[in-house]
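So the structure is just underneath, and the comments pick up after that.
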Amino acid sequence: MKYISTRGDKTERGFSEILLEGLAPDGGLYLPTHYPPINNATLTRWRGLSYAELAFEILALYIDDIPRADLKALANKTYTEAVFGTPQITPLKGLGEGVWLQALSNGPTLAFKDMAMQLLGNLFEYELARRGQTLNILGATSGDTGSAAEYAMRGKHGVNVFMLSPKGRMSPFQQAQMFSLQDANIHNIAVEGVFDDCQDIVKAVSNDLEFKRRYRIGTVNSINWARLLAQVVYYFAGYFAATKTNGETVSFAVPSGNFGNICAGHVARMMGLPIKRLVLATNENNVLDEFFRTGTYRVRSSAETHETSSPSMDISKASNFERFVFDLLGRDAARTAQLFKHDVEKQGAFTVTPDEFARIASFGFVSGSSSHADRVATIRETDQRFATVIDTHTADGLKVGREHLDPGVPMIVLETALPAKFAATIVEALGREPGRPAAMVGIEALPKRFIVMPADVQKVKAFITEHA
Ligand SMILES: *Cc1c(COP(=O)(O)O)cnc(C)c1O
């Protein structure tokens, strides 16, 4: 299997070459040259597999430059009950009327990003050892991504993590999750500024190509193809858990921000997984809902980006969206580049043609959005009717998923975080604190390991130089 860019760079690269990369050199995103089709016999065989075995089978279709035995060992090491809490890894829970909740948030940081990031940690360690190289991961976070990256990379050979976060602006729980890590290769940098300052520093460091090469700076953001690939697995696992035969179809409702999670569902569907609908749910930041309803993709300014109670979906543009548009346009790289490189960068928006818009239905996508009041009502109702407390992002997914039910087609809502992470809204909805997994009780009181720094690129560079 080889990988190409959505913007026309035709150089075909192997998986190991793109594993440690971000964007393709032409600014596009990497995609496989084709989606390997899954036939009925394969689906039947996969139905009986454990999660780790299923992960291996899917990864092996896209990764042919890591020996199969090694890949199998990496999948087995990643998807364990010890890390994800149950033998099924992503079990389903019924919420009546054919609606299911698929648990993706029982990993170390209580959000679905662990599903991919835990594999990425093991893949990075493996590949760096194979090359005899090291990597310094530099990132900016306002919560979920940073902690998932740190828990995936902690203690890994050959990898350091330098994670910038806005000082005092994460929730006490999120701060405790990250800052309580005592591993020598994890460096928490609390920047005196806001999230955008952190992100600007990361950009400035990454744009210094000499520094970047010299200190082997890398990233683990959501455009990484390996992260997306790892997420494909749970769509298959969810399908098998909700159906008995391959003649059945299911729909998935996906709380969306950067379009990474649901893009994995798109890949699963392109492989032939019987998915009827991919229901994209946004919060008040409805960039993507607007596109799927109108055909216009208009990125928002930071002034137009709302701070909501499902903060991990507060995006102004969706960094993985170009992958879907490339497929929607019949993989026309010139047109994709025109829309993203020219129209988005120059005018902040594009509109697809009526013909292109009409094609969206054949990809299964529908969408909707949700407000704070919707989240509160959905959390309350789900608690009352099913004695189940869901988090705010999952509530966005459930609310919109219910608007797209088809008789006889299970609707699987992806649970993207546990309620413990977003306690304030749970208290507002239910009048009580959400429960916490035993390992997380009292983490706010643990000793913290972090350093405070002004929003100053030179100071961050100096720190990296000293600790790389
Ligand atoms: C990251 C995140 C999302 C959004 O996922 P995308 O892949 O960016 O669409 C939704 N919910 C939670 C809890 C998240 O952490």
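The values are calculated or read from the model by the stated rules, or taken from the named source; none is laboratory data. Small disclaimer: the values here were computed from a predicted structure and weren't measured. Neighbour counts are summed over all protein chains in view; Cβ atoms, including those assigned to glycine, are modelled from backbone coordinates with ideal geometry.
Out of ARG216, ARG227, report the one residue that is buried (at least 21 other Cβ atoms within 10 Å of the Cβ) and of a type in the set (Lys, Arg).
Working: ARG216 fails: buried (at least 21 other Cβ atoms within 10 Å of the Cβ).
So the residue among ARG216, ARG227 that is buried (at least 21 other Cβ atoms within 10 Å of the Cβ) and of a type in the set (Lys, Arg) is ARG227.
Taking the criterion of being closer than 20 Å to ALA395 by Cβ and either surrounded by 20 or more Cβ atoms within 10 Å (Cβ to Cβ) or modelled with pLDDT under 95 (or both), would at least one residue in region 263-274 satisfy it?
yes
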**Message:** Tell me whether region 418-429 contains one or more residues that are surrounded by 24 or more Cβ atoms within 10 Å (Cβ to Cβ), of a type in the set (Gly, Ala, Ser), within 14 Å of the ligand (Cβ to nearest atom) and touching a residue at least 40 places away in the same chain (Cβ under 8 Å).
**Reply:** no
**Request:** Name the one entry in SER362, SER319, SER312, SER370 that is surrounded by fewer than 19 Cβ atoms within 10 Å (Cβ to Cβ), polar (S, T, N, Q) and in contact (Cβ under 8 Å) with a residue 60 or more places away in the chain.
**Result:** SER319
**Prompt:** Out of all the residues in region 138-193, which are in contact (Cβ under 8 Å) with a residue 40 or more places away in the chain, outside any helix (DSSP H, G or I) and either within 16 Å of the ligand (Cβ to nearest atom) or farther than 25 Å from ASN207 by Cα (or both)?
**Reply:** GLY139, ALA140, THR141, SER142, GLY143, SER171, SER180, LEU181, GLN182
**Message:** Take the conditions farther than 18 Å from TYR51 by Cβ and within 12 Å of the ligand (Cβ to nearest atom) and apply them to VAL279. Does it pass?
**Reply:** no
**Asked** From the set of residues in region 302-331 that are of a type in the set (A, V, I, L, M) and within 17 Å of SER367 (Cα to Cα), which is farthest from the ligand (Cβ to nearest atom)?
**Response** LEU328
**Request:** Looking only at region 116-129, decide whether some residue is surrounded by 23 or more Cβ atoms within 10 Å (Cβ to Cβ), within 13 Å of the ligand (Cβ to nearest atom) and of a type outside the set (Phe, Trp, Tyr).
**Result:** yes
**Request:** Run GLY96 past the list (1) in a helix (DSSP H, G or I); (2) at positive phi; (3) among the small types (Gly, Ala, Ser) and report the number of the one that doesn't hold.
**Result:** (1)
**Item:** region 63-83, subset part of a helix (DSSP H, G or I) and β-branched (Val, Ile, Thr), residue nearest to ALA226 (Cα to Cα)
**Value:** THR78
**Prompt:** Is there any pair with a first residue in region 194-223 that is within 16 Å of the ligand (Cβ to nearest atom) and a second that is among the aliphatic types (A, V, I, L, M) whose Cβ atoms are under 6 Å apart and which are 6 or more apart or on different chains, and what are they?
**Reply:** GLN199/ALA140; VAL220/ILE137; VAL220/ALA149; ILE223/LEU29
**Asked** Which residue pairs have Cβ atoms under 9 Å apart, sit 6 or more places apart or on different chains, and have a first residue in region 99-110 that is over 16 Å from PHE173 (Cα atoms) and more than 13 Å from the ligand (Cβ to nearest atom) and a second that is outside any strand (DSSP E or B) and of a type in the set (Lys, Arg)?
**Response** VAL99/ARG402
**Asked** Does region 1-30 hold any residues that are in a strand (DSSP E or B) and either farther than 23 Å from TYR126 by Cβ or modelled with pLDDT under 95 (or both), and which are they?
**Response** ILE4, SER5
**Request:** Specify which of the listed residues (PHE162, PHE195, PHE236, PHE179) is closer than 30 Å to LEU278 by Cβ, crowded, with 20+ Cβ neighbours inside 10 Å and of a type in the set (Phe, Trp, Tyr).
**Result:** PHE236
**Message:** Looking at region 283-291, can you tell me whether even one residue there is outside any helix (DSSP H, G or I), within 12 Å of the ligand (Cβ to nearest atom) and in contact with a Gly (Cβ under 9 Å, 6 or more places away or on another chain)?
**Reply:** yes
**Request:** For region 293-301, state whether one or more residues are within 15 Å of the ligand (Cβ to nearest atom), in contact (Cβ under 8 Å) with a residue 60 or more places away in the chain and in a loop (DSSP other than H, G, I, E, B).
**Result:** no
**Asked** Given the conditions (1) in contact (Cβ under 8 Å) with a residue 60 or more places away in the chain; (2) more than 16 Å from the ligand (Cβ to nearest atom); (3) part of a loop (DSSP other than H, G, I, E, B), and given that ILE390 satisfies all but one, which numbered condition is not satisfied?
**Response** (2)
